[in-house]
Amino acid sequence: MTPLIIDAHQHFWDPDQGDYAWLSGPFTPIRRVFGPADLRPELTQAGVRATVLVQTWSSLAETQAFLALAETVDFVAGVVGWVDLTAADIDRTLTLLKSVPGGRHLVGIRHQVHDEPDPDWLNRPDVRRGLAAVAGHGLVYDLLVRPRELPAALATVAALPGLRFVIDHIAKPDIRSGEDRVWAARIAPFADHRAHVWCKLSGMVTEADWAHWQPADLKPFIDTVLRVFGPARCLFGSDWPVCQVAGGYARVLAALRQGLAGLDAADQARILGGTALDLYHLDITEIPA
């Protein structure tokens, strides 16, 4: 039987309709509109059945647009949106998002924590209050952090055991150098919280040498994540279209498959699809098989 594959991390964007200053320099080749029609052929070729569409900038309008889009795009099973975690009316905002067209597709919230000047931003009382509201609405919180923010992320997951967290892009270690001891030391303690913390095997190729990386370059980092979280707490994400700068969709998925080759078939199936279903409580019954 062909395993269910769910891409738990993809984006759409129009660089003229948001804050995309980062789409410059080496990222200039992907400074264009990316939408469902661009992704669909990639999914078909890779045998991916469904995706989770993830926010790209701090915008409620984008989140509402993504939720509406999820109503019309058959492969989008869930949306990870954005809200201001520090806002006093966050509970009302989350209630509103769940009531707008497509609100049933809201499965998580994310903020670009690694862009905050303060590495302890997650420890702020107003942020913690906002995260508690996310938990109260039964949503996942995607942690977009680098090694710099991992200590605050660790304290946060320890303080909020009732909230499901997932670390995006394995917290962006320095794969290009071949070793990141700071990242390895800071991600290891998350093993104590794997009951409510997951990790996306995503975004790795853009932390590697874009022009010369090989699957073997990713393998030590994949192995570390598997040891810390266990296969049942890991999931596949393409980080499309960001991955286009370093090889593209098919190559990213093939490299992950190679990195998981030592696992049994059941664990590989969990990472490629089953874990995303469980983490985000996805309903794919309406998505064509």
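May I ask you to verify whether Pro119 is in contact with a helix residue (DSSP H, G or I) (Cβ under 7 Å, 6 or more places away or on another chain) and either buried (at least 22 other Cβ atoms within 10 Å of the Cβ) or at pLDDT 95 or above (or both)?
So Pro119 passes the test.
Check whether at least one residue in the range 165-183 is surrounded by fewer than 16 Cβ atoms within 10 Å (Cβ to Cβ) and among the acidic types (Asp, Glu), and report yes or no.
Checking the range 165-183: at least one residue is surrounded by fewer than 16 Cβ atoms within 10 Å (Cβ to Cβ) and among the acidic types (Asp, Glu).
Residues in the range 175-189: is at least one in contact with a Leu (Cβ under 8 Å, 6 or more places away or on another chain), of a type in the set (D, E, K, R) and under 28 Å from Lys98 (Cβ atoms)?
No - not one qualifying residue is present in the range 175-189.
Looking at the range 191-209, which of its residues are more than 17 Å from the chain's Cα centre (by Cα) and either on the phi > 0 side of the Ramachandran plot or surrounded by 14 or more Cβ atoms within 10 Å (Cβ to Cβ) (or both)?
His193, Ala208, Asp209
For the range 223-289, which helices (runs of 4 or more DSSP H) that fit wholly inside it have 2 or more residues that are in contact with a helix residue (DSSP H, G or I) (Cβ under 6 Å, 6 or more places away or on another chain) and modelled with pLDDT of 95 or more?
Where helices (runs of 4 or more DSSP H) fall fully within the range 223-289 and carry at least 2 residues being in contact with a helix residue (DSSP H, G or I) (Cβ under 6 Å, 6 or more places away or on another chain) and modelled with pLDDT of 95 or more, they are 249-259.
Quick one: which of Gly81, Gly138, Gly103, Gly108 is surrounded by fewer than 15 Cβ atoms within 10 Å (Cβ to Cβ) and closer than 23 Å to Ala50 by Cβ?
When all the criteria are applied, what remains is Gly138.
Can you spot a residue in the range 251-274 that is touching a residue at least 24 places away in the same chain (Cβ under 8 Å), surrounded by fewer than 22 Cβ atoms within 10 Å (Cβ to Cβ) and β-branched (Val, Ile, Thr)?
no
Give all pairs with beta carbons closer than 6 Å in which a residue from the range 8-23 that is farther than 27 Å from Arg270 by Cβ meets a residue that is among the charged types (D, E, K, R) and at pLDDT 95 or above; count only pairs at least 6 apart in sequence or on separate chains.
Pro15/Arg31; Leu23/Arg31
The values are calculated or read from the model by the stated rules, or taken from the named source; none is laboratory data. All of these numbers come straight from a predicted model, not from anything done at the bench. Here Cβ is always computed from backbone atoms with ideal geometry, including for glycine, and neighbour counts include all displayed protein chains.
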